[in-house]
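Novice: Can you read through this structure? Questions will come right after.
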Amino acid sequence: MNTQAKVTAEHLRKQAILYVRQSTLHQVKENRESTALQYDLKRHAQELGWNDKQTVVIDEDLGHSGATAMDRSGFQRLVAEVSLGRVGLVMGLSVSRLARNNADWHRLLEICALTGTLIVDEDGIYDPNHFNDRLILGLKGTMSEAELHMLRARLIGGLLNKARRGELWVRPLTGYVYDERQRFVFDPDAQIQGAVRLLFETFRRTGSAGQVVKHFSKHSILWPCRLFEGKRDGKVVYRKLQRGMVLNILHNPRYAGAFVYGRTRTRKGPDGKPHICSLARDNWQVFLPNAHPGYISWEEYEINQARLLQNGHSEGRDSPGPVREGSALLQGLVLCGRCGLRMTVRYRVLKDRRTSSYVCARRGIETGGPMCQFVVGAVVDEAVGQAAVDAVTPAALDVALQVFEELRARRADVDRLRRAQVERAREETELAQRQYMLARPENRLVVDTLERQWNDCMAKLAQAEAEYARAAKADGMLEPSSDVRERIAALASDFPRVWKDPRTSVRDRKRMLRLLIDDVTLARNEELIYVHIRWKGGATTSRELPRPRSSFELIRTPAAVINEIRALATEQTDDQIAGTLNSRGYRSGAGRSFTRHRIGYVRSCYGIESYHQHLQRNGWLTLPEIAREIGVHPHTAWTYARKGLLRVVRANAKHLLFEPPTVRSPFARPSKGRRRVSCEHYTTTAG
Ligand SMILES: [Zn+2]
């Protein structure tokens with residue numbers, strides 16, 4: 001094909017871009033020849049008709065891997081230039097190396113096709129608008145990606161094969177070493193072994209990683225770590241045990257004697273960055289139990305995992321967590337009635353009293369927003385405790401036993417029906433079988449149909465039987481023996497006694513509650529707290545509790561009094577208001593009578609203006625002001641007031657205010673400048 005024919009005058013008017021890339025710095029250093037070849041292409045462009053000025057070299061990505069376009073500013077610049085239609089020719093050594101990632105490559109091809117850009121490599125010149133050229137370029141890209149994949153597969157395949165045989169060298173964990181025959185064995189150092197055993201023992205006892213850390217810290221036991229690199233290879237260093245370390249150890253199946261490989265997978269996220277995610281056990285690449293001696297048995301490992309999951313530490317799940325020492329009975333059991341998240345407990349010490357409350361702060365903490373809601377703990381604990389005591393009474397248990405009987409009787413009925421269904425299927429099968437047996441063999445068509453019917457019936461029978469077995473198993477309930485009944489009856493009288501016994505610890509109370517209750521949902525408004533208890537087994541109980549007033553609410557002036565003060569303040573001074581309220585029998589929040597000062601304080605808290613401010617706002621004047629207004633000496637103005645010609649009132653303890661005259665006196669002197677505004681005036685005279 002005539003390659004020159006592909007280059008048109010239109011192409012020659014635009015730039016030619018040479019994209020130079022070597023994946024690694026090592027390649028940049030060692031593979032000079034390839035770099036030289038890449039620059040050789042520049043000469044090729046000149047042969048095709050581009051002059052030196054038009055040829056741009058992009059070599060910013062020297063030393064960057066081509067696996068993705070992220071972090072390759074050069075490649076991104078290339079794509080940008082091409083998509084702006086400024087490029088007539090793109091050159092690269094074996095063009096597929098422009099982008100090792102197929103998606104990037106095809107995107108580039110598409111843009112080149114749209115903008116009519118040619119592509120050149122050492123093999124020839126391609127026009128992405130031509131089907132044949134596009135096919136070859138696509139193939140080159142695919143092969144390039146395949147090459148990368150093969151390289152990786154060969155590397156990882158070797159590792160995986162070794163891992164499958166359990167022979168892959170993995171950095172030994174604390175408590176293990178490789179012996180001279182490369183076997184994974186217990187660390188011969190007795191102190192290290194002791195520390196590992198103590199960790200597992202403590203977890204067995206306490207069931208919490210945090211408690212393990214506390215135990216180590218309380219007894220000043222440090223955690224040994226053997227170094228495996230550098231000058232200090234084989235040395236042991238001691239450091240403080242941390243919760244994260246404990247969790248890693250508890251989650252690591254190697255301590256239970258299993259060899260594992262590929263417990264995580266790295267995935268590229270939408271941002272192009274790798275994300276590591278843990279896999280479920282079924283998806284681990286290699287799992288060889290009993291590959292080496294273990295500090296714990298596999299059974300214990302499983303129990304530990306279940307326990308950690310419940311503690312909610314393992315995967316940050318929303319779970320109740322272990323019972324702790326605090327006094328809040330519902331710790332871990334409370335759900336927020338507003339947003340559905342689990343509420344946590346917050347303790348506070350007020351004076352010498354320790355109070356607890358349930359708070360929903362998780363979303364607030366995560367997003368930096370306000371707390372969702374909080375509910376005072378004591379009242380809720382009291383109500384739920386009482387509900388538990390009420391639930392476990394002889395009468396309630398009697399009812400429960402009766403219901404149980406009832407259910408059993410009903411189940412027996414259902415069982416009879418189910419068995420009848422199986423019987424019927426069996427009869428139909430037998431009938432089909434008999435019909436098949438009686439048919440004449442020479443009548444092939446009939447025989448075939450009958451045989452099919454018989455087969456169908458047998459399948460139905462098998463299905464009915466399986467169904468019956470499954471249902472019977474699901475129903476499998478034991479009839480309580482008389483002994484069990486007696487014990488249940490005894491529990492009814494024992495439970496309230498134990499619950500109320502002051503010797504019963506909070507921890508035990510919490511454990512008892514957890515046996516009875518699945519969770520408690522709390523919601524509140526200004527007046528009430530709504531408590532919904534979900535019992536084990538699905539029954540629910542709801543309670544509405546009056547919301548306890550907080551200490552400041554208890555001494556807050558009642559709303560009715562505030563309204564009263566607001567109304568009175570337009571016609572009375574603080575002194576008068578206090579008198580009025582006292583005479584009407586009102587008392588402050590703390591139960592005391594009102595004084596001028598208390599009224600002043602309440603007014604300032606609620607932003608109610610005083611009588612003085614109210615009058616001034618309505619244009620009432622001080623003595624000098626009124627004198628100037630009517631154009632007389634203040635003494636004269638005062639005389640007018642005493643004679644009743646001017647209306648005057650006492651606006652507060654210190655000040656008198658005069659009603660402005662409706663008609664301006666003909667003797668008034670022209671006022672000099674603007675009269676001072678009332679509020680400014682107020683502050684100067686009041687001060
Ligand atoms: Zn909430």
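The values are calculated or read from the model by the stated rules, or taken from the named source; none is laboratory data. It should be emphasised that the depicted structure is a prediction, and the values quoted were computed from it without experimental measurement. Counting neighbours? That spans all protein chains shown, and the Cβs are built from the backbone with ideal geometry, glycine included. Side chains included, ligands, DNA and RNA excluded: accessible areas come from the protein's heavy atoms. Shrake-Rupley method; radii C 1.70, N 1.55, O 1.52, S 1.80 Å.
Novice: So LEU417 fits all but one of (1) farther than 19 Å from TRP535 by Cα; (2) within 16 Å of the ligand (Cβ to nearest atom); (3) part of a helix (DSSP H, G or I); what number is the exception?
Specialist: Only one criterion in (1) farther than 19 Å from TRP535 by Cα; (2) within 16 Å of the ligand (Cβ to nearest atom); (3) part of a helix (DSSP H, G or I) is unmet by LEU417, namely (2).
Novice: Moving to a separate point now. Among the residues in region 555-567, are any in contact with a strand residue (DSSP E or B) (Cβ under 7 Å, 6 or more places away or on another chain) and either closer than 23 Å to LEU656 by Cα or in a loop (DSSP other than H, G, I, E, B) (or both)?
Specialist: Of region 555-567, the ones in contact with a strand residue (DSSP E or B) (Cβ under 7 Å, 6 or more places away or on another chain) are none.
Checked region 555-567: no residue is in contact with a strand residue (DSSP E or B) (Cβ under 7 Å, 6 or more places away or on another chain) and either closer than 23 Å to LEU656 by Cα or in a loop (DSSP other than H, G, I, E, B) (or both).
Novice: Sticking with this structure for a sec: Could you tell me which residue of region 425-438 is nearest to GLN463 (Cα to Cα), considering only residues that are open to solvent by less than 90 Å² (accessible area, probe 1.4 Å) and of a type in the set (D, E, K, R)?
Specialist: ARG426
Novice: Can you pull out the residues in region 241-259 that are outside any helix (DSSP H, G or I) and modelled with pLDDT under 90?
Specialist: Pass one, region 241-259, residues outside any helix (DSSP H, G or I): 241-242, 252, 257-259.
Listed by number, the residues that qualify are LEU241, GLN242.
Novice: Here's a check for you: in region 522-566, which residue that is β-branched (Val, Ile, Thr), surrounded by fewer than 17 Cβ atoms within 10 Å (Cβ to Cβ) and out of contact with any Gly (no Cβ under 7 Å at 6 or more places or on another chain) is nearest to LEU581 (Cα to Cα)?
Specialist: Taking region 522-566 first, the residues β-branched (Val, Ile, Thr) are 529, 531, 533, 540-541, 555, 557, 561-562, 565.
Next, only the ones that are surrounded by fewer than 17 Cβ atoms within 10 Å (Cβ to Cβ) stay: 540, 555, 562.
Checking which are out of contact with any Gly (no Cβ under 7 Å at 6 or more places or on another chain) leaves us with 540, 562.
Values: THR540: 49, ILE562: 11 Å.
If we take residues in region 522-566 being β-branched (Val, Ile, Thr), surrounded by fewer than 17 Cβ atoms within 10 Å (Cβ to Cβ) and out of contact with any Gly (no Cβ under 7 Å at 6 or more places or on another chain), then ILE562 is nearest to LEU581 (Cα to Cα).
Novice: Same structure, new question: Could you list all residues from region 109-123 that are in a loop (DSSP other than H, G, I, E, B) and modelled with pLDDT of 85 or more?
Specialist: Filtering region 109-123 for residues in a loop (DSSP other than H, G, I, E, B) gives 116-117, 122-123.
Hits for region 109-123 are GLY116, THR117.
Novice: Determine which single condition ARG232 fails, assuming it passes every other condition in (1) surrounded by 14 or more Cβ atoms within 10 Å (Cβ to Cβ); (2) more than 31 Å from the chain's Cα centre (by Cα); (3) not aliphatic (A, V, I, L, M).
Specialist: With (1) surrounded by 14 or more Cβ atoms within 10 Å (Cβ to Cβ); (2) more than 31 Å from the chain's Cα centre (by Cα); (3) not aliphatic (A, V, I, L, M) applied to ARG232, the lone miss is (1).
Residues are listed down the side, and each one gets a yes or a no for (1) within 16 Å of the ligand (Cβ to nearest atom); (2) outside any strand (DSSP E or B); (3) open to solvent by less than 90 Å² (accessible area, probe 1.4 Å):
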position: GLY340; (1), (2), (3): yes, yes, yes
position: ALA396; (1), (2), (3): no, yes, yes
position: ARG411; (1), (2), (3): no, yes, yes
position: ARG440; (1), (2), (3): no, yes, no
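Novice: Kindly establish whether LEU89 is closer than 20 Å to ILE136 by Cα and either at pLDDT 75 or above or among the aromatic types (Phe, Trp, Tyr) (or both).
Specialist: Working: closer than 20 Å to ILE136 by Cα: yes; either at pLDDT 75 or above or among the aromatic types (Phe, Trp, Tyr) (or both): yes.
Yes: the conditions hold for LEU89.
Novice: I've got another one for you. Residues to consider are CYS277, CYS225; find the one that is surrounded by 13 or more Cβ atoms within 10 Å (Cβ to Cβ) and either farther than 21 Å from GLN193 by Cα or not aromatic (Phe, Trp, Tyr) (or both).
Specialist: Numbers: CYS277 fails: surrounded by 13 or more Cβ atoms within 10 Å (Cβ to Cβ).
That would be CYS225, the only listed residue that is surrounded by 13 or more Cβ atoms within 10 Å (Cβ to Cβ) and either farther than 21 Å from GLN193 by Cα or not aromatic (Phe, Trp, Tyr) (or both).
Novice: Ok, one more. Identify all residues within region 596-640 that are of a type in the set (A, V, I, L, M, F, W, C) and either more than 12 Å from PHE658 (Cα to Cα) or assigned to a helix (DSSP H, G or I) (or both); write none if there are none. Full working, then the answer.
Specialist: Of region 596-640, the ones of a type in the set (A, V, I, L, M, F, W, C) are 599, 602, 605, 608, 615, 620-621, 623, 626-627, 630, 632, 637-638.
If the condition is that a residue be of a type in the set (A, V, I, L, M, F, W, C) and either more than 12 Å from PHE658 (Cα to Cα) or assigned to a helix (DSSP H, G or I) (or both), then ILE599, VAL602, CYS605, ILE608, LEU615, LEU623, ILE626, ALA627, ILE630, VAL632, ALA637, TRP638 are the ones that fit.
Novice: Condition first: part of a strand (DSSP E or B) and either modelled with pLDDT under 80 or within 16 Å of the ligand (Cβ to nearest atom) (or both). Can you find one or more residues in region 290-312 that meet it?
Specialist: From region 290-312, those part of a strand (DSSP E or B) are none; that's our starting set.
Among the residues of region 290-312, not one is part of a strand (DSSP E or B) and either modelled with pLDDT under 80 or within 16 Å of the ligand (Cβ to nearest atom) (or both), which makes the answer no.
Novice: How many of the residues in region 354-366 are open to solvent by 40 Å² or more (accessible area, probe 1.4 Å) and either among the acidic types (Asp, Glu) or in contact (Cβ under 8 Å) with a residue 60 or more places away in the chain (or both)? Explain how you work it out, then say what you get.
Specialist: Narrowing region 354-366 to residues open to solvent by 40 Å² or more (accessible area, probe 1.4 Å): 354, 362-363, 365-366.
Still in the running and either among the acidic types (Asp, Glu) or in contact (Cβ under 8 Å) with a residue 60 or more places away in the chain (or both): 366.
The qualifying residues number 1.
Novice: Another question about this same structure. If I filter region 653-670 down to residues being loosely packed, with under 11 Cβ neighbours inside 10 Å and within 22 Å of GLN572 (Cα to Cα), which single residue comes out as modelled with the lowest pLDDT?
Specialist: ALA653
Novice: Next question, about the same structure. Please determine whether any residue of region 287-303 is surrounded by 11 or more Cβ atoms within 10 Å (Cβ to Cβ), free of Cβ contacts under 8 Å to residues at least 40 places away in the same chain and touching a strand residue (DSSP E or B) at 6+ places or on another chain (Cβ under 7 Å).
Specialist: Yes, region 287-303 contains at least one residue that is surrounded by 11 or more Cβ atoms within 10 Å (Cβ to Cβ), free of Cβ contacts under 8 Å to residues at least 40 places away in the same chain and touching a strand residue (DSSP E or B) at 6+ places or on another chain (Cβ under 7 Å).
Novice: Something else now. For region 342-354, how many residues meet the condition of being within 16 Å of the ligand (Cβ to nearest atom) and at positive phi?
Specialist: Pass one, region 342-354, residues within 16 Å of the ligand (Cβ to nearest atom): 342-346.
The next check asks that each one be at positive phi; those that pass are none.
Total satisfying the criteria: 0.
Novice: So, in region 370-394, of the ones that are open to solvent by less than 40 Å² (accessible area, probe 1.4 Å) and more than 25 Å from SER493 (Cα to Cα), which residue ends up farthest from the chain's Cα centre (by Cα)?
Specialist: GLY377
Yes or no, residue by residue, for (1) exposed (fewer than 15 other Cβ atoms within 10 Å of the Cβ); (2) more than 38 Å from the chain's Cα centre (by Cα):
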| position | (1), (2) |
| --- | --- |
| GLY141 | no, yes |
| GLU145 | no, no |
| ALA153 | yes, no |
| ARG181 | yes, yes |
| ALA195 | no, no |
| THR202 | no, no |
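Novice: Whether any residue in region 359-379 is of a type in the set (S, T, N, Q), more than 16 Å from the ligand (Cβ to nearest atom), at pLDDT 75 or above and out of contact with any Ser or Thr (no Cβ under 7 Å at 6 or more places or on another chain) is what I want to check. Spell out how you get there, then give the answer.
Specialist: Filtering region 359-379 for residues of a type in the set (S, T, N, Q) gives 367, 373.
Those left that are additionally more than 16 Å from the ligand (Cβ to nearest atom): none.
Looking through region 359-379, none of the residues is of a type in the set (S, T, N, Q), more than 16 Å from the ligand (Cβ to nearest atom), at pLDDT 75 or above and out of contact with any Ser or Thr (no Cβ under 7 Å at 6 or more places or on another chain).
Novice: Between a first residue in region 341-353 that is free of Cβ contacts under 8 Å to residues at least 24 places away in the same chain and a second residue that is within 14 Å of the ligand (Cβ to nearest atom) and open to solvent by less than 100 Å² (accessible area, probe 1.4 Å), which pairs have beta carbons less than 7 Å apart while being 6 or more apart in sequence or on different chains?
Specialist: THR344/VAL359; THR344/ALA361
Novice: Could you please find all residues in region 236-278 being more than 22 Å from ILE156 (Cα to Cα) and of a type in the set (D, E, K, R)?
Specialist: Across region 236-278, the qualifying residues are ARG239, LYS240, ARG243, ASP271.
Novice: On to the next question. Taking only region 577-595 into account, find how many residues are of a type outside the set (Gly, Ala, Ser) and outside any helix (DSSP H, G or I). Walk me through how you get there before you give the answer.
Specialist: Residues of region 577-595 of a type outside the set (Gly, Ala, Ser): 577, 580-582, 584, 586-587, 592, 594-595.
Checking which are outside any helix (DSSP H, G or I) leaves us with 584, 586-587, 592, 594-595.
Looking only at that region, the number is 6.
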